[in-house]
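Below is one structure, written out as structure tokens, with a few remarks after it.
The values are calculated or read from the model by the stated rules, or taken from the named source; none is laboratory data. Only a predicted model underlies this, so the values are computations on that prediction, with no experimental measurement involved. Cβ: placed from backbone, ideal geometry, glycine included. Neighbour counts: every protein chain shown. These accessible areas exclude ligands, DNA and RNA; they are computed on the full protein's heavy atoms, side chains included. Shrake-Rupley method; radii C 1.70, N 1.55, O 1.52, S 1.80 Å.
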Amino acid sequence: MTTIDATPVDAHDSHAGFWGAYIFSRDHKTIGKQFLFASMIFMAVGGLLAMIIRWNLGFPDQPVPLLGSIMGEAMVDDKGVILPEFYNVLFTMHGSIMIFFVVIPMLNGWVANFILPLQIGARDMASPLLNMLSFWFFVVAALVVLSGFLVEGGAAATGWTAYPPLSALAGMGQTLWIVGVAILGLSSIMGSVNYITTVIKLRAPGMLMMRMPIPVWSVFITAFLTLLATPVLTTAMVMLLMDNSLGTSYFLPQIVVSGELMETSGGRPVLFQHIFWFYSHPAVYIMVLPALGVAAEMLAVFSRKPLFGFKTIVYMLLAIAAMSFIVWAHHMYQSGMSPAAAKWFMFWTIAITIPPSVILYNMVVTLLGGSIRFTTPMLHGLGFLSMFLIGGLSGIFLASAFTDIFLHDTYFIVAHLHYVLFGGSLFGIFASIIYWFPKAFGKMMSERLGKVHFWLTFVFFNLTFFPMHFLGAAGHMRRIAYPLNYDHLVSSQLLNTWISVSAFILGASQLIFFYNFIASMRSGKVAVANPWEANTLEWTIHKPGHGNWGPQLPVVLNGPYEYSHPEVEADFLPQTQPLKAEG
Amino acid sequence: MSRRFQRTALWSAGLSFLFAALVAGAWVVKAQENYSGWWLPVNIAPEYGQLQDLMFNIFLVLTSILALIFYALMAYAFIFNRGRKGKKGFYTHGSRRFQLGLVAFFTVFVIGGEIFVLGQVTGDVWDRMKQGVPENALRIEVMAEQFAWNIRYPGPDGKFGKTDLELMDEENPFGIDEDDPAAGDDVVTVGRLHIPLDVPIHILLRSKDVLHSFFIPVLRVKQDAVPGETINVWMRALKTGKFQMVCAELCGLGHTAMKGSVVVESKKDFQAWLEQEAAVD
């Protein structure tokens, strides 16, 4: 670690060659970009799966246009209509890809890797080797999970939650899924150890903990969640793998499948759910907190105001992290677990709304009295703020075990989780990409295209996911291929068609973003060192090379949010600039 | 913080609160009267079911008000705090007292609301629903399998015959042991749950293979069926008719076709149907 601190390297891995510089790079910026590119590819795949899902729900019994003719016979019938068994694959893989290979790596791979060392004034991660391994484990994990599409029986089809006994009885695609997710767990653990160590050991002189910008804080706190929760998931996956392939019965009681008595006994299916959600509830915060950090940064920078209640936000993030470990069973109110235990989880689940409420309120007050610049990253930050709020509020309906009886496993849940993960996380991710694009690629992304993309996304996101609350209230179950099969859902089919059309426009709008991303990288406006006039350290260097800073590390003198300070003429005060100019 | 800043924040919060309450109220009333299949379905359950809908509406009003206050604050900032070149923002970090007050407010609001709602509105309904099966309830066994609902009535003797997983096959979905004298009069049907009107029904919920979820929207009942366990569910129907019963937990290839119907009929009709079925057996 000390060697990184002492020796700046000016050239971009000059002696490393092509493979060392771009493929097996140990530079945190390159690894961050690798996570970004890979996740964007997976985002396209996951998005495409979502489009096919929506086609099947909005236009049942009609052949899938364009794709119908090229999809294999395990996916569609001879007319090109989706088979129900492939529908199960579609939503399973859509969920798995979006959660494990888009949202988590975007936030804890791209944002964490690219931003964290730059914002705390470190030359690189504490362990560049571990960092590189973290990326490659992630790639292997994704390839293993996706290779399920190529094996007999198709990819995993038991939902992203993979509840046994179904998942324990499933075939090769499911086995690959389990192995892939376990490998991803290793990648996450490697990343989190690195982030924690880097923040604790490698801050620049003067970078006190309370001078760290909020994205760093959120990644830092998230890393603790990852480190504590992910091993539990890995354990669950190993046990499930043994049930699936080696004939153990951790989660399997004596069961009869298609008239045949299986050689299983003594296990409990609900046990898996406890272990799985013990990871996956903190994982919900792993998927949201860094995005919240990014959005809060946008609000402060573009309101030209200090982040209101900065320290409170940090403490509240810590409170969320701590409380996230005692609410997991609110996913299981109707699972057959003890109804008495449900009340304990209900109490804490409703109580966990307190810290996010305080944070969101502080974020809004940051806007008041500001001098707001509506740039694209700011719009996405505001998108996070307004949409994550709806996701949080709809959570209250589900937190109460009593109302959850009806709403559990309906589209109300689907609406809720998309408001959190799309309306929350994804807007945060878009903000992070656009905001740090100039630092990553030296160019600006087009503001005009960016705004078109934002407004289309924002409008059609709401037109797609808000009506899903109504579907859920009408008792529309999730994970069903043919809603028209059910008497009580016939009258809501129009709503399903409406949602599908909106979803197609929402999906198509993302092409604008991809185009803007690639075109701006090639021929965007050349960026200056500090295009957003922000305070944090990454904007003090124009084009960070290997080791980020020259011989001298920056010395931090101020907090990160000294915007519009009355004693400074400009409306920002970089963290390295003394408040009173000397001489 | 300056006086003016505080006053503005207070005023905008107050006004938007009023506005929000109005809009939310109108919205709820409207949604209730124009039932169109896009909202909570008909509710034929007694107290426990009515309370679920009441809670839903309380949450709806509460969250709508919170959301609108929030959006009003945002809108205020968008209109009055637009950036201009050379215009600086208002420099404030807030005060410790304000932050403590904020945390205290949300804590009291959320925990207080929780205690009020749990204590005054729903009380111990959750316990009664999940654990308090009425003594005199009619017992019916439901065995879920891929991809059907098997239903068993104890017959005139009121006793279920013994079952064994090893005896299960297509002819005998429950694996009923025919040697047991109590088994002779058991009535087994598939996918059609007949229940008498206004009689508490005690469902002994089981699954033979994977997880399923027993969901009857109009009765506001949902419970996962877990292999290896027998879970108690109870319900009561206040209206006759034929309603949808579905599986709400992903259970494999045929999940989307796993459904059944609930037939609620008068006690007399029910008794007649049961006797007829017993005779067929």
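Overview of values
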{"read-out": "Extreme residue, nearest to A:Ile53 (Cα to Cα), among residues of the range A:476-490 that are in contact (Cβ under 8 Å) with a residue 12 or more places away in the chain and surrounded by fewer than 17 Cβ atoms within 10 Å (Cβ to Cβ)", "value": "A:Tyr482"}
{"read-out": "Unique match (being modelled with pLDDT of 95 or more, more than 14 Å from chain B (Cβ to nearest Cβ) and under 30 Å from A:Leu169 (Cβ atoms)) among A:Leu241, A:Leu227", "value": "A:Leu241"}
{"read-out": "Given (1) under 30 Å from B:Lys208 (Cα atoms); (2) within 14 Å of chain B (Cβ to nearest Cβ), number of the condition A:Arg211 does not satisfy", "value": "(1)"}
{"read-out": "Filtered residues of the range B:146-169 (kept if part of a loop (DSSP other than H, G, I, E, B) and more than 23 Å from B:Glu249 (Cβ to Cβ))", "value": "B:Pro154, B:Gly155, B:Pro156, B:Asp157, B:Gly158, B:Lys159, B:Phe160, B:Gly161, B:Lys162, B:Asp164, B:Asp169"}
{"read-out": "Qualifying position, being away from chain B (no Cβ under 14 Å), in contact (Cβ under 8 Å) with a residue 40 or more places away in the chain and open to solvent by 30 Å² or more (accessible area, probe 1.4 Å), among A:Leu186, A:Leu202", "value": "A:Leu186"}
{"read-out": "Any pair with Cβ under 8 angstrom, 6 or more apart, that starts in the range A:279-291 at a residue that is more than 15 Å from A:Phe100 (Cβ to Cβ) and ends at one that is open to solvent by less than 10 Å² (accessible area, probe 1.4 Å) and aromatic (Phe, Trp, Tyr)", "value": "A:Ala291/A:Phe384; A:Ala291/A:Phe427"}
{"read-out": "Every pair of residues 6+ apart whose Cβ atoms lie under 6 Å, when the first sits in the range B:173-193 and is within 14 Å of chain A (Cβ to nearest Cβ) while the second is among the charged types (D, E, K, R)", "value": "B:Phe174/B:Arg152; B:Gly175/B:Asp164"}
{"read-out": "Candidate set: the range A:262-282, residues that are more than 25 Å from B:Thr163 (Cα to Cα), within 14 Å of chain B (Cβ to nearest Cβ) and open to solvent by less than 10 Å² (accessible area, probe 1.4 Å); chosen: the one farthest from the chain's Cα centre (by Cα)", "value": "A:Phe272"}
{"read-out": "Of all residues making up the range B:40-79, the number that are in contact with a helix residue (DSSP H, G or I) (Cβ under 6 Å, 6 or more places away or on another chain) and not in a helix (DSSP H, G or I)", "value": "6"}
{"read-out": "Any chance A:Gly259 is without any contact (Cβ under 8 Å) to a residue 40 or more places away in the chain, surrounded by fewer than 24 Cβ atoms within 10 Å (Cβ to Cβ) and more than 8 Å from chain B (Cβ to nearest Cβ)", "value": "no"}
{"read-out": "Which listed residue, of B:Asp177, B:Asp157, is open to solvent by 10 Å² or more (accessible area, probe 1.4 Å), in contact with a Leu (Cβ under 8 Å, 6 or more places away or on another chain) and in the same structural domain as B:Phe270 (by TED's automatic domain parsing)", "value": "B:Asp177"}
{"read-out": "Where a residue in the range B:51-77 is more than 8 Å from chain A (Cβ to nearest Cβ) and closer than 18 Å to A:Gly369 by Cβ and its partner, wherever it lies, is open to solvent by less than 30 Å² (accessible area, probe 1.4 Å) and outside any helix (DSSP H, G or I), with Cβ under 8 Å and at least six apart", "value": "none"}
{"read-out": "Residues (more than 29 Å from the chain's Cα centre (by Cα) and either surrounded by 21 or more Cβ atoms within 10 Å (Cβ to Cβ) or farther than 19 Å from B:Val42 by Cα (or both)) located in the range A:491-502", "value": "A:Ser492, A:Leu494"}
{"read-out": "Among the residues listed as A:Met363, A:Met298, A:Met337, the single one being surrounded by fewer than 23 Cβ atoms within 10 Å (Cβ to Cβ) and either in a helix (DSSP H, G or I) or in contact (Cβ under 8 Å) with a residue 40 or more places away in the chain (or both)", "value": "A:Met337"}
{"read-out": "Within the range A:302-311, tally of residues that are assigned to a helix (DSSP H, G or I) and either farther than 20 Å from A:Leu382 by Cα or among the aromatic types (Phe, Trp, Tyr) (or both)", "value": "3"}
{"read-out": "The lone exception for B:Ala257 - which of (1) touching a residue at least 60 places away in the same chain (Cβ under 8 Å); (2) at the interface with another protein chain (Cβ under 7 Å from one of its Cβ atoms); (3) open to solvent by less than 20 Å² (accessible area, probe 1.4 Å) it fails", "value": "(3)"}
{"read-out": "Residue within the range A:443-462 that is open to solvent by less than 20 Å² (accessible area, probe 1.4 Å), within 18 Å of A:Trp532 (Cα to Cα) and modelled with pLDDT of 95 or more present", "value": "yes"}
{"read-out": "Top-ranked residue in the range B:196-234 [being among the basic types (Lys, Arg) and farther than 25 Å from B:Leu51 by Cβ; ranked as nearest to the other protein chains (Cβ to nearest Cβ)]", "value": "B:Lys208"}
{"read-out": "Residue that is most open to solvent (accessible area, probe 1.4 Å), among those in the range A:23-56 that are more than 18 Å from A:Phe513 (Cβ to Cβ) and of a type in the set (Val, Ile, Thr)", "value": "A:Ile23"}
{"read-out": "Number of positions in the range A:395-411 that are more than 7 Å from chain B (Cβ to nearest Cβ) and either open to solvent by 10 Å² or more (accessible area, probe 1.4 Å) or assigned to a helix (DSSP H, G or I) (or both)", "value": "6"}
{"read-out": "Filter result for the condition that a residue is touching a Phe, Trp or Tyr at 6+ places or on another chain (Cβ under 6 Å) and either surrounded by fewer than 24 Cβ atoms within 10 Å (Cβ to Cβ) or over 27 Å from A:Thr248 (Cα atoms) (or both), over A:Val102, A:Val140", "value": "A:Val102"}
{"read-out": "Set A:Met172, A:Met207: member being over 23 Å from A:Ile313 (Cα atoms) and of a type outside the set (Ser, Thr, Tyr)", "value": "A:Met172"}
{"read-out": "So A:Phe325, is it closer than 18 Å to B:Asp124 by Cβ, assigned to a helix (DSSP H, G or I) and either at the interface with chain B (Cβ under 7 Å from one of its Cβ atoms) or open to solvent by 20 Å² or more (accessible area, probe 1.4 Å) (or both)", "value": "no"}
{"read-out": "Selection within the range A:555-573 - buried (at least 21 other Cβ atoms within 10 Å of the Cβ) and in contact with a helix residue (DSSP H, G or I) (Cβ under 7 Å, 6 or more places away or on another chain)", "value": "A:Val556, A:Pro560, A:Tyr561, A:Tyr563"}
{"read-out": "Residues of the range A:57-78 satisfying the condition of being in contact with a Phe, Trp or Tyr (Cβ under 7 Å, 6 or more places away or on another chain) and either at pLDDT 95 or above or open to solvent by 30 Å² or more (accessible area, probe 1.4 Å) (or both)", "value": "A:Ala74, A:Met75"}
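Residues checked against (1) free of Cβ contacts under 8 Å to residues at least 40 places away in the same chain; (2) open to solvent by 70 Å² or more (accessible area, probe 1.4 Å); (3) among the basic types (Lys, Arg); (4) facing another protein chain (nearest Cβ under 7 Å):
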{"position": "B:Lys85", "(1), (2), (3), (4)": "yes, yes, yes, no"}
{"position": "B:Phe116", "(1), (2), (3), (4)": "yes, yes, no, no"}
{"position": "B:Asp124", "(1), (2), (3), (4)": "yes, yes, no, no"}
{"position": "B:Val133", "(1), (2), (3), (4)": "no, no, no, no"}
{"position": "B:Gly161", "(1), (2), (3), (4)": "yes, no, no, no"}
{"position": "B:Met168", "(1), (2), (3), (4)": "no, no, no, yes"}
